[in-house]
Structure formats: C-alpha cells, structure tokens
1. Quick check on my filter: what residues within segment 173-197 are within 18 Å of Phe25 (Cα to Cα) and of a type outside the set (A, V, I, L, M)?
2. Would you confirm whether or not segment 71-90 contains a residue that is small (Gly, Ala, Ser) and more than 26 Å from the chain's Cα centre (by Cα)?
3. Criterion first (of a type outside the set (Phe, Trp, Tyr), at pLDDT below 90 and not in a loop (DSSP other than H, G, I, E, B)) does Asn253 satisfy it?
4. Return a yes/no flag: does segment 138-161 have any residue that is in contact with a Leu (Cβ under 9 Å, 6 or more places away or on another chain), within 25 Å of Thr32 (Cα to Cα) and open to solvent by 60 Å² or more (accessible area, probe 1.4 Å).
5. Under the condition of being within 29 Å of Trp241 (Cβ to Cβ) and of a type in the set (Asp, Glu), which residue from segment 347-389 is least open to solvent (accessible area, probe 1.4 Å)?
6. Six or more apart or on different chains, Cβ atoms under 6 Å: show the pairs whose first residue is in segment 379-402 and within 18 Å of Trp313 (Cα to Cα) and whose second is open to solvent by 50 Å² or more (accessible area, probe 1.4 Å) and not in a helix (DSSP H, G or I).
7. State yes or no: is Phe3 modelled with pLDDT under 90 and in contact with a His (Cβ under 8 Å, 6 or more places away or on another chain)?
8. Sort out which residues of segment 316-348 are more than 16 Å from Val256 (Cβ to Cβ), of a type in the set (A, V, I, L, M, F, W, C) and in contact (Cβ under 8 Å) with a residue 40 or more places away in the chain, and write them in order of number.
Amino acid sequence: MEFKIFFSNRSTVYGVLILLFSGLFALYLGKTFIAQQQTVIEKAIRLQPENTARNRQYFGKELGTLMYHNKFTMIHQPDPWAAFSNGQRDIYPYQLSVSMLGLQGQLYDTDLHNPVTLLLGNIDLAFVFIFLFPLVIIAFTYNLLSAEQESGTWRLIGAQAIHPWQVIGRRLLVSITTIFAVAALLMIVAVVYLQLPPDIRLWRVSGMVGLYLLSWFALATWIISMGKSSDFNAAALIACWVVLQMVAPAILNVWVTWKYPVPEALETVVKQREGYHEKWDLDKKSTMDKFYAHYPQFKKYPFPEGQTFSWYWYYAMQQMGDDEAAQGVAGMSAKLQQRQQFTDIATLLLPGIQTSLRLNETAGTDLQQHLRFLKAVAAYHEEVRLYFYPLLFTGVSSQQVDWNRFKVAQFKETADDKGGLQLLSAGIFIVLFAGGALYNYRHRTYHF
C-alpha cells in the first residue's frame, strides 16, 4: 500500500528515471574515457619498437647520440574499476616516455589539456552516487512529515495511531528501499557492462555506497523530524548538500594548500636544470668524481684525459642534475603525503568527499597510485641507465645492444584499503543524525 501511494506521485517516477538514465549514461562515459586511454596505450606499445628502429636508422652510428633521442615508455594500466570511478586519471599522465637524460625534467613533461574540460571533470557512476543520489533522496523525504502536518492529517494520525512516528518510518523505509533498488540495479549493470571482477572490491564498493546513501537518509530524517514546514526542510537539506559537497571541500582544498605548500615542486625543476647546466663550466674531474661517488662500480671506467667531450661525461652531468634535485623531490613527496593524511582525517566530517576518495583509491585512480607510478618510472629509468652506462663507457655499437630487453613497461599495483575511514565517516553521520531524529520523533512530533 505504501509503495502504491509512493509511486502515485509522478515526481517519484521522474526521480527514479533520472537516476537510472544518469547512471547508465555515466557508465557509458566512464567506459568511453578509459577506452580512449586504452587506445593510446596500445598505440604506444606498438610504436616504441618502431621508434627505436627509426632512431637506430638515423642515429645508430653513435650510441651516445642514439640514447639522447631514444625513449623508453612505462604505462599505468587502468584497473577495470577505473571506468567506475575515473578519479584523477584525467589530470595525471597514464604513460611516460623517458630517455637517459635527467629524470626529474621528464617526469612532469606531460600533454596539454583543455582547462575547461578539466574544470568540468568527467562524469562516471561514482559521481552519480556521490552527487545526484543525495538530491533525489532529498526530493523523496523532505515532506514526509510536513505534508501531513500542512494537510491537517497529522493530528488525526496522532489521535488514532499508538506510535504515529511509525507511519513516517514506513514511508521512509519505502524511500530507502526504492533508492537502494536503483543503486543495486546500477551496480549489477556496472558489473556486466564494465566487466568488473566479482571479488572483495565489489563488496567493498557496494558497502561504501550503501553507507553513504544511508548517511543522507539519516540527515534528511533528522531535518524533517524538527517538524518544520516543507519549504524549510527543502531549503535546509539543499543547503546541507551545497555545504557538504561544494563549499566545505573548496575551503578544505584552500586550507590544505596553505598549510602544506609545495615550493619544492618549482625548486626541483630549477635544481635539476641548474645541476646539469652549470656542469658545462666546471672541471670535468669534479663532475666525474661525484658520478663515481654515486656509482662506485663504474670507477673502472676512467674519463679519458685530454678529451674535451664524451657522452660518458655528458650523461654523468645529467645524473648530477637528478642528484642535486633529490632533496627537493624527497621534500615534495613528504608534503604530498602530509596533504593526503590531513585530507583523510578532515574528510571524516564530509562523507561525500570521504567516499569519493575511497572509491578512487579502490579504482586505482587517486594521487597515491600516481605517486607510486612515478616511483616505478624512476626505477625503470634507473634500470635503463645501469644497463647502458657500461655500454657507453666501453664504446659498444648500437648493433651490439639487446634492444628487446626494454619493451614497454607496465605498472599495475593493488590499491590501499582505507575503507575503515569511510565506514567511520558515514557511521558518524548515521549515528548522530538518526539518534537526533529518533529523539525528536519520540519527544516532539506528538505535540504538533
């Protein structure tokens, strides 16, 4: 009976259809976005050996010149969940091509992006759950009690029912069931359409989404339990949505940027460039001594006396640029970790942002995954250097190099699990507001 009354309202049907269509459209956009990246990745895998062959054709006479031009690519393979929550894969590069030159100058050499597109962001199913579902929850619940009061039927219910708040509870349960049915249907479609593996992450994501939606039902129930008018309830709930989803995150972002500035980002670039360029004017022996201190195993390859230039010395200069920028790199990495830790704690009071962070984390599309990708690129770059340094020092020709040794490297790592923070964040809202609503229904609404 309650379901029949609930769906007799045409706006209820529209709300359900909006969620379904926006969810399906978001699934299509999320999958298309990742599919475009997959196309670029497949192209990069195909082109690296072709580019190497072309470089050998044009620059193969001298291995030092060839290594100046030739690049080695590492790609950040998207997880199947990346189509569910695109996260920051539209901001950070998902593939990096590096040569034997200084690393730090190449890590941040990325493609140009349309700033308007970045401002708007991508729409994926995580976005629909985080931002659109709460609006429909507000539309379904804001007048559950006030409509009865304004029509004059609440006094009649209070006179006839032993526990009149149970009437509101049943209607609230219908709204919860409807919203969860739509969410479950979209999750099933996501599993099939995105080919998501039915592993522990599926249950983790479903649990996080369910808790998040319940936190909004708890907040809505507390607002309507105050017994105010429908206009007040709607305005209060919309204001909560704006503050929790837009204003507070923007303030938090400004605060984090101010509290943990990252001047090391510019310092790293300047140090790396100065560390390399100033070596042109210094004695070659001082450069080589620092290089041997970094790689003592290469002391057996002394720099030829009287020689004005050699690739041997040139790549040692490049290495010194990275070494002199190392302190700035470590400082920047520490600041980014501090920002992440502060954000994890601060967003305990912002369940929407906390849920978004954890979904990105599960999908492997967050900042932490990108930082791990940069570390993997640095390790790959070091592997390339350690292989080619002896070949350069001993004058090996490009025909003697095993080029098949370095195919396109792939980075794919299991994400962290901080789902406990999301459970705590949503749990605080559910307990706090559900408790407040229960108190109001028991002690206040009887008298309206």
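1. Listed by number, the residues that qualify are Tyr193, Gln195.
2. no
3. On the way: of a type outside the set (Phe, Trp, Tyr): yes; at pLDDT below 90: yes; not in a loop (DSSP other than H, G, I, E, B): yes.
Answer is yes for this residue.
4. no
5. The qualifying residue least open to solvent (accessible area, probe 1.4 Å) is Glu361.
6. Partner pairs satisfying both residue conditions: none exist.
7. Details: modelled with pLDDT under 90: yes; in contact with a His (Cβ under 8 Å, 6 or more places away or on another chain): no.
Criteria not met by Phe3.
8. If the condition is that a residue be more than 16 Å from Val256 (Cβ to Cβ), of a type in the set (A, V, I, L, M, F, W, C) and in contact (Cβ under 8 Å) with a residue 40 or more places away in the chain, then Met317, Met320, Ala325, Val329 are the ones that fit.
The values are calculated or read from the model by the stated rules, or taken from the named source; none is laboratory data. Quick caveat, the model's predicted, so the values are computed rather than measured. Don't worry about glycine lacking a Cβ; one is built from the backbone with ideal geometry, like all the others, and counts go over all protein chains shown. Each accessible area value is taken on the protein alone, full model and side chains, heavy atoms only, with ligands, DNA and RNA left out. Shrake-Rupley method; radii C 1.70, N 1.55, O 1.52, S 1.80 Å.
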